[in-house]
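Here's the structure we're looking at; comments come further down.
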Amino acid sequence: MSLHQIAVSHSFLLSSRSAYTLNPLLFSKRNRFRISLSHSRFTSIKHRSFAVAVSDNGIFTSPELAKSFDFTSEERIYNWWLSQGYFRPKFDWESDPFVISMPPPNVTGSLHMGHAMFVTLEDIMVRYHRMRGRPTLWLPGTDHAGIATQLVVERMLASEGIKRVELGRDEFEKRVWEWKEKYGGTITNQIKRLGASCDWTRECFTLDEQLSRAVIEAFIRLHEKGLIYQGSYMVNWSPKLQTAVSDLEVEYSEEPGTLYYIKYRVAGGSRSDFLTIATTRPETLFGDVAIAVHPQDERYSKYVGKMAIVPMTYGRHVPIISDKYVDKDFGTGVLKISPGHDHNDYVLARKLGLPILNVMNKDGTLNEVAGLYCGLDRFEARKKLWSDLEETDLAVKKEPHSLRVPRSQRGGEVIEPLVSKQWFVTMQPLAEKALLAVEKGELTIIPERYGKIYNHWLTNIKDWCISRQLWWGHRIPVWYIVGKDCEEEYIVARSAEEALRKARDKYGKDVEVYQDPDVLDTWFSSALWPFSTLGWPDELAEDFKRFYPTTMLETGHDILFFWVARMVMMGIEFTGTVPFSYVYLHGLIRDSQGHKMSKTLGNVIDPLDTIKEYGTDALRFTLALGTAGQDLNLSTERLTANKAFTNKLWNAGKFVLQVLPNRDNVSGWQNIEACKFNTEGYLLRLPLPECWVVSKLHMLIDAVTESYNKFFFGDVGREIYDFFWGDFADWYIEASKARLYHSGDDSVVLVAQTVLLYVFENILKLIHPFMPFVTEELWQALPNRREALIISSWPQTSLPRSTDLVKRFENLQALTRAIRNARAEYSVEPAKRITASIVGSEEVIQYISEEKEVLALLSKLDLDNIHFADSPPVHRESSQ
């Protein structure tokens with residue numbers, strides 16, 4: 001019979017000593033227990049205290065000496081870990097290493113929540129596998145961030161009244177290196193503040209000598225295979241920065257704009273023969289090479305095959321063509337083709353064999369093709385052109401129109417699609433191998449749905465523009481011959497000396513060479529990150545042999561293609577191996593309303609400010625509770641709740657410490673250490689509450705370990721939180737007080753002390769990867785710690801448990817809740833002890849009665865007036 005059926009008596013009165021009378025209350029038709037108020041015989045027993053030794057080294061503070069965990073101690077703890085060498089891989093451990101290459105943040109960066117997310121998740125993985133006994137290497141580093149860094153230094157020079165071109169390239173690079181040495185460590189120190197257990201002795205920078213050597217080697221090998229070529233193609237051009245930028249560095253925003261309607265007269269026709277086109281960028285009409293309509297658009301079919309006159313170009317003619325690419329429903333259904341200034345037009349022109357006409361200079365002004373408008377800024381030209389079109393009766397109308405405007409991520413200016421001579425990598429043959437790696441199971445993408453995106457991108461891949469018109473970065477290892485055609489005569493070499501030697505061999509000793517002024521896209525060096533940081537191209541390097549291929553690549557889902565896929569392609573190409581076995585993609589962090597954080601909206605949450613108010617552990621725990629690939633809404637309510645979790649851990653540690661034997665109690669500690677919970681016989685000899693909590697712990701260890709192994713970190717956090725708060729703190733700690741303060745039996749006290757310590761220290765181990773600081777502080781406060789928590793062994797799995805005894809204690813919990821509910825319904829004073837009659841089967845009564853001290857304590861019952869029976873008591877009606 002389940003105790004869920006046990007109920008308060010249907011009809012009874014409290015004892016005559018009480019001023020309360022209970023109205024009839026029925027929980028069950030068959031089984032009831034009766035409660036009435038009386039005074040408790042329990043007495044208050046003060047906690048024992050003992051002096052702790054953890055503060056002797058000045059690093060750790062015991063909960064006995066501090067009311068709550070002091071966040072300022074986090075840096076002291078971190079520096080202690082660092083000084084002990086705990087972050088370096090231990091090669092004496094006989095298992096495969098667990099290796100993560102940190103996504104290198106920009107050297108110009110300062111900590112934001114995106115950094116906090118990846119640091120938290122990667123540190124969780126590293127700390128977990130370190131405790132599992134695997135040699136762990138989390139390799140940190142920073143990216144030289146070509147565009148961002150050059151911008152920062154140019155602004156700094158501008159404040160001094162200096163322009164980059166006035167300094168010259170060598171002096172400018174010198175100034176950038178000086179800036180890097182002075183300010184480049186900011187992001188690194190902030191990452192440390194989050195608790196990142198990286199091996200900082202192996203920290204890398206993408207412009208380090210070793211990594212630069214890898215970049216040059218990669219370029220040369222790709223060129224030798226015919227996979228790198230030079231040509232003029234459409235790129236994203238930044239007029240202000242004077243460089244091509246990657247797709248990732250272009251951000252699109254919905255902005256109000258204008259749709260301009262312009263007449264294009266039909267050559268040889270009457271004044272009524274004209275086509276009206278609608279465009280958002282009239283200044284590009286000087287680059288028109290055709291006018292296109294849809295083949296099934298009957299409005300314009302009579303004009304197909306004729307010529308149109310481009311306005312304001314002194315009568316330049318372009319063909320009127322038909323193509324299914326044209327959207328009949330947009331604007332007027334007539335499209336101007338300007339392949340030099342529109343990505344889609346560029347693709348269409350190449351398909352149809354149309355010429356490419358560029359009307360813009362690199363600084364965003366119009367060139368000589370624009371005639372009278374030459375030299376005007378693109379936006380100034382737009383205004384003047386429209387005014388002139390109105391005067392010549394070629395302007396039809398203009399109307400408001402919402403635009404998707406491409407802007408530079410760095411400078412904020414409008415990006416110009418522009419045909420420019422650049423260096424490219426042929427991607428298709430590299431992509432085929434990367435696709436096969438996922439298909440064959442050599443690479444697992446988490447969450448799985450991103451595998452489809454990965455496949456789509458690589459299946460439809462375009463050649464990669466790898467050159468940038470900057471001074472800061474890896475200089476392209478190409479040298480040209482003075483007096484020769486740059487596109488036809490050039491030399492690829494590993495150094496200037498090698499280039500000159502090759503040139504002399506081919507052109508004679510008097511030849512002169514000069515290096516390509518461009519640098520490589522920052523993403524080119526980042527694509528080599530997993531292996532260049534380990535010593536490649538020296539494949540005999542010790543780190544390369546030990547740690548490559550790596551295990552995990554963790555990053556945001558927004559750079560799956562721009563970085564992750566390129567690393568896979570380059571890793572296979574240069575090492576013959578996929579560079580990592582798993583890709584874990586986290587989502588974006590949004591505000592509490594689900595909005596993207598931005599300075600414009602004023603909803604940015606600063607991680608360092610958050611740490612000061614809530615602590616690093618609370619921030620990490622909050623971020624880690626998300627689901628892979630899903631965006632996370634961050635709120636102060638969540639942070640506050642998890643700060644409370646930190647305090648709850650601290651207070652639980654304080655309680656455990658207060659009830660343990662004194663440190664000098666040798667026999668007491670020998671008895672505690674003699675207890676072994678890894679045998680079923682020992683477990684089953686434990687009293688019911690102890691057997692329950694140890695069984696639940698063993699179940700938790702298995703569940704949490706499985707979730708860790710599957711990278712289900714949200715599940716890990718929730719499972720530990722629920723067990724610690726719901727089972728250990730709310731139930732077992734309270735139940736243990738019946739043993740500790742009221743039993744009078746040393747052996748019973750010993751059992752409670754042992755179980756409290758065993759469960760609590762395992763909780764600390766399980767939650768340590770999430771909350772490293774408070775758990776290490778508490779661990780160090782526990783007596784007889786032989787090693788730091790960060791390198792302690794992970795709890796053993798598959799330990800014994802008793803599901804039958806777990807169910808029995810759940811019945812005891814149900815009974816306790818029923819009594820508590822009855823007390824609340826009848827507004828019984830919290831301090832009052834009440835009597836109870838408990839009815840149940842013989843089996844139930846037996847194990848419940850054995851724990852009546854616990855029941856009395858949890859339910860505030862009068863221990864001397866708890867009665868057990870197998871049938872309800874008979875009550876006489878009270879006389880009036």
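The values are calculated or read from the model by the stated rules, or taken from the named source; none is laboratory data. Computed from a prediction, not measured in an experiment: that's the story for all the values here. Glycine also receives a Cβ, built like all others from the backbone with ideal geometry; neighbour counts cover every protein chain displayed. For accessibility, only protein heavy atoms count, side chains too; no ligands or nucleic acids. Shrake-Rupley method; radii C 1.70, N 1.55, O 1.52, S 1.80 Å.
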Going through the range 811-826 in order, the residues found to be farther than 21 Å from residue 871 by Cβ and either among the basic types (Lys, Arg) or touching a residue at least 60 places away in the same chain (Cβ under 8 Å) (or both) are 813, 817, 820, 823, 825, 826
Do you know which residues across the range 285-311 are out of contact with any Gly (no Cβ under 9 Å at 6 or more places or on another chain) and part of a loop (DSSP other than H, G, I, E, B)? 288, 295, 296, 298, 304, 305, 310, 311
In the range 481-508, which residues are open to solvent by 90 Å² or more (accessible area, probe 1.4 Å) and either under 21 Å from residue 169 (Cα atoms) or at pLDDT 90 or above (or both)? 494, 497, 501, 504, 505, 506
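For the range 350-395, which residues satisfy the criterion of being β-branched (Val, Ile, Thr) and over 14 Å from residue 287 (Cα atoms)?
392
Here are some residues: 348, 394, 366. Which one is open to solvent by less than 70 Å² (accessible area, probe 1.4 Å) and in contact with a helix residue (DSSP H, G or I) (Cβ under 7 Å, 6 or more places away or on another chain)? Talk me through it step by step, then tell me what you get.
Numbers: 348 fails: in contact with a helix residue (DSSP H, G or I) (Cβ under 7 Å, 6 or more places away or on another chain); 394 fails: in contact with a helix residue (DSSP H, G or I) (Cβ under 7 Å, 6 or more places away or on another chain).
Answer to the check: 366.
Mind counting the residues in the range 317-332 that are under 45 Å from the mean Cα position of the chain (by Cα) and open to solvent by less than 70 Å² (accessible area, probe 1.4 Å)? Can you show your working first?
First pass over the range 317-332, keeping only residues under 45 Å from the mean Cα position of the chain (by Cα): 323-331.
Narrowing the set further to residues that are open to solvent by less than 70 Å² (accessible area, probe 1.4 Å) leaves 323, 326, 331.
Of the residues in that region, 3 qualify.
One residue is enough: does the range 675-684 have a residue meeting the conditions open to solvent by less than 20 Å² (accessible area, probe 1.4 Å) and β-branched (Val, Ile, Thr)?
no
Return yes when residue 233 is over 30 Å from residue 596 (Cα atoms) and hydroxyl-bearing (Ser, Thr, Tyr) and no when it is not. Full working, then the answer.
Numbers: over 30 Å from residue 596 (Cα atoms): yes; hydroxyl-bearing (Ser, Thr, Tyr): yes.
So residue 233 fits the description; yes.
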Among the residues of the range 441-454, which ones are open to solvent by 50 Å² or more (accessible area, probe 1.4 Å), in a helix (DSSP H, G or I) and over 20 Å from residue 523 (Cα atoms)? 452
Please note which helices (runs of 4 or more DSSP H) are completely contained in the range 458-535 and include at least 3 residues that are farther than 22 Å from residue 105 by Cβ. 496-507
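Does the range 78-96 hold any residues that are under 16 Å from residue 768 (Cβ atoms), open to solvent by 60 Å² or more (accessible area, probe 1.4 Å) and not in a loop (DSSP other than H, G, I, E, B), and which are they?
none
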Going by the conditions given, is residue 327 in contact with a Ser or Thr (Cβ under 9 Å, 6 or more places away or on another chain) and either assigned by the TED database to the domain that holds residue 258 or in contact (Cβ under 8 Å) with a residue 60 or more places away in the chain (or both)? no
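Identify all residues within the range 767-806 that are in a helix (DSSP H, G or I), aliphatic (A, V, I, L, M) and closer than 23 Å to residue 686 by Cα; write none if there are none.
Across the range 767-806, the qualifying residues are 805, 806.
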Being at pLDDT 95 or above, open to solvent by 10 Å² or more (accessible area, probe 1.4 Å), over 23 Å from residue 704 (Cβ atoms) and outside the structural domain of residue 688 (by the TED database): is that true of residue 808 here? yes
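In the range 62-74, which residues are modelled with pLDDT under 95 and not hydroxyl-bearing (Ser, Thr, Tyr)?
Of all residues in the range 62-74, those modelled with pLDDT under 95 come to 62-73.
Scanning the range 62-74 gives 63, 64, 65, 66, 67, 69, 70, 71.
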Within the range 822-873, the residues that are open to solvent by 10 Å² or more (accessible area, probe 1.4 Å) and of a type in the set (Val, Ile, Thr) are 828, 835, 845, 866
Going through the range 415-440 in order, the residues found to be crowded, with 17+ Cβ neighbours inside 10 Å and over 21 Å from residue 456 (Cβ atoms) are 415, 416, 417, 418, 419, 420, 422, 423, 424
Exactly one condition in (1) crowded, with 19+ Cβ neighbours inside 10 Å; (2) in contact (Cβ under 8 Å) with a residue 40 or more places away in the chain; (3) out of contact with any Lys or Arg (no Cβ under 6 Å at 6 or more places or on another chain); (4) not basic (Lys, Arg) is false for residue 516; which is it? (1)
Going through (1) outside the structural domain of residue 198 (by the TED database); (2) surrounded by 15 or more Cβ atoms within 10 Å (Cβ to Cβ) one by one, residue 113 fails only at (1)
Restricting to the range 786-805, count the residues that are open to solvent by 10 Å² or more (accessible area, probe 1.4 Å) and either hydroxyl-bearing (Ser, Thr, Tyr) or at pLDDT below 95 (or both). 7
Could you identify the single residue in 187, 191 that is surrounded by 18 or more Cβ atoms within 10 Å (Cβ to Cβ), touching a Gly at 6+ places or on another chain (Cβ under 7 Å) and not charged (D, E, K, R)? 187
